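Some notes on the structure that comes next.
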Amino acid sequence: MAAKIRKGDKVIVLSGRDKGRTGEVFEVRPDADVALVRGINMIKRHQKQSQTQEGGIISKEAPIHLSNIAIVGKDGKPTRVGFKVLADGKKVRIAKSSGAEIDG
């Protein structure tokens with residue numbers, strides 16, 4: 001099945017402690033149905049020092065389930081994603097609320 005949410009998409013969080021916040025997807029893990037969104041679902045981890053990385057308490061993004069995020073439409077509201085096949089045979093993503101083509 002084609003990916004409805006991809007790397008680089010601007011998304012809004014639908015549920016959880018970060019509900020209503022927006023961010024950019026920088027990693028999608030389709031096998032686990034989760035995505036990492038910049039600045040969303042932040043957690044603290046105690047990290048041991050290594051040769052390449054400093055030790056201490058670091059903040060990083062935790063995965064968020066794809067069902068809990070939605071693409072932000074042109075009007076700034078969350079929208080569902082559909083697909084349309086163009087006349088030249090190319091398959092594109094469209095916003096269900098406005099029918100506009102989603103860049104990417």
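The values are calculated or read from the model by the stated rules, or taken from the named source; none is laboratory data. Predicted, not measured: the structure shown is a model, and the values here were computed from it. In this analysis, Cβ positions are derived from the backbone assuming ideal geometry, glycine residues included, and neighbour counts consider all displayed protein chains. Ligands, DNA and RNA are stripped out before the accessible areas are found, and what is left, the full protein with its side chains, is counted by its heavy atoms. Shrake-Rupley method; radii C 1.70, N 1.55, O 1.52, S 1.80 Å.
Only one residue in A35, A100 is touching a helix residue (DSSP H, G or I) at 6+ places or on another chain (Cβ under 8 Å) and under 17 Å from D9 (Cα atoms). Which one? Walk me through how you get there before you give the answer.
Details: A100 fails: touching a helix residue (DSSP H, G or I) at 6+ places or on another chain (Cβ under 8 Å).
On inspection, the qualifying residue turns out to be A35.
Each row is one residue, and each column tells you yes or no for (1) basic (K, R); (2) without any contact (Cβ under 8 Å) to a residue 12 or more places away in the chain; (3) outside any loop (DSSP other than H, G, I, E, B).
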| position | (1), (2), (3) |
| --- | --- |
| V25 | no, no, yes |
| I40 | no, no, no |
| Q49 | no, yes, no |
| T52 | no, yes, no |
| A70 | no, no, yes |
| G76 | no, yes, no |
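Hey, among the residues in the range 5-27 that are in contact with a helix residue (DSSP H, G or I) (Cβ under 8 Å, 6 or more places away or on another chain) and either closer than 22 Å to F83 by Cβ or polar (S, T, N, Q) (or both), which one's least open to solvent (accessible area, probe 1.4 Å)?
I5
Count, please, the residues in the range 45-75 that happen to be at pLDDT 90 or above, exposed (fewer than 10 other Cβ atoms within 10 Å of the Cβ) and of a type in the set (D, E, K, R).
Residues flagged as at pLDDT 90 or above, exposed (fewer than 10 other Cβ atoms within 10 Å of the Cβ) and of a type in the set (D, E, K, R) within the range 45-75 amount to 1.
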